[in-house]
Amino acid sequence: MIRKIIKTDDNWGQLIARFTLGLVLFPHGAQKMLGLFGGYGFTATMDALTHQMQLPWLIAFLVIIIEFFGSILLITGFATRIWSLAILFLFIGIIFTAQIEHGFFMNWFGVQKGEGYEYSLLMIGLAISTLINGGGKFSLDNQIVKKLNKA
């Protein structure tokens, strides 16, 4: 079972997809978890997600954990499919709870009250790619599979 979850090819394309997904998501997770990049940090983000957005405590907590730890573990290529699935569901949730009412386009010029879902669709596409194909070249998953195959 573990081999099926972490199996991946030595693929440059998947390395690029995994890195892109992880590197783009990391600053958002660091904002929420650590208060970096102009973010509010864990406590304030939990408060905003649970009170302003009225998400259940567990969902708010998972949003922060998935964005922060999921991005780091995707960059390293550890448990790529698991984190990709979590990110896939995260961004589907973001679309339906915060973006769908604002349409497709991001709020480039500040003329709408919220963000559209185009960024989320890109993240979903990358998550699906890494979910299907794994982490690719230089992933920890790939190294683990190689060691399991030798044993």
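The values are calculated or read from the model by the stated rules, or taken from the named source; none is laboratory data. Predicted, not measured: the structure shown is a model, and the values here were computed from it. Here Cβ is always computed from backbone atoms with ideal geometry, including for glycine, and neighbour counts include all displayed protein chains. Accessible surface is based on the protein model in full, side chains and every heavy atom, while ligands, DNA and RNA are left aside. Shrake-Rupley method; radii C 1.70, N 1.55, O 1.52, S 1.80 Å.
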* Asked: Taking the condition under 30 Å from residue 51 (Cβ atoms) and aliphatic (A, V, I, L, M), does residue 124 pass?
  -> yes
* Asked: Out of region 100-117, which residues are open to solvent by 40 Å² or more (accessible area, probe 1.4 Å) and either in contact (Cβ under 8 Å) with a residue 12 or more places away in the chain or closer than 27 Å to residue 15 by Cβ (or both)?
  -> 100, 101, 102, 104, 105, 106, 115, 117
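Could you identify the single residue in 20, 76, 97, 50 that is within 18 Å of the chain's Cα centre (by Cα), of a type in the set (Val, Ile, Thr), more than 11 Å from residue 130 (Cα to Cα) and open to solvent by less than 60 Å² (accessible area, probe 1.4 Å)?
Values: 20 fails: more than 11 Å from residue 130 (Cα to Cα); 97 fails: open to solvent by less than 60 Å² (accessible area, probe 1.4 Å); 50 fails: within 18 Å of the chain's Cα centre (by Cα).
On inspection, the qualifying residue turns out to be 76.
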* Going through region 41-74 one residue at a time, which ones are in a helix (DSSP H, G or I), out of contact with any helix residue (DSSP H, G or I) (no Cβ under 7 Å at 6 or more places or on another chain) and not hydrophobic (A, V, I, L, M, F, W, C)? -> 43, 47, 51, 52
* Does residue 69 meet the test of being closer than 25 Å to residue 50 by Cα and open to solvent by 40 Å² or more (accessible area, probe 1.4 Å)? -> yes
* Asked: Which members of region 16-40 meet the condition of being among the hydrophobic types (A, V, I, L, M, F, W, C) and either assigned to a helix (DSSP H, G or I) or modelled with pLDDT under 95 (or both)?
  -> 16, 17, 19, 21, 23, 24, 25, 26, 30, 33, 34
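If the requirement is being open to solvent by 60 Å² or more (accessible area, probe 1.4 Å), in a helix (DSSP H, G or I) and within 18 Å of residue 20 (Cβ to Cβ), which of these qualifies: 126, 121?
On the way: 126 fails: open to solvent by 60 Å² or more (accessible area, probe 1.4 Å).
Checking each option against the conditions leaves just 121.
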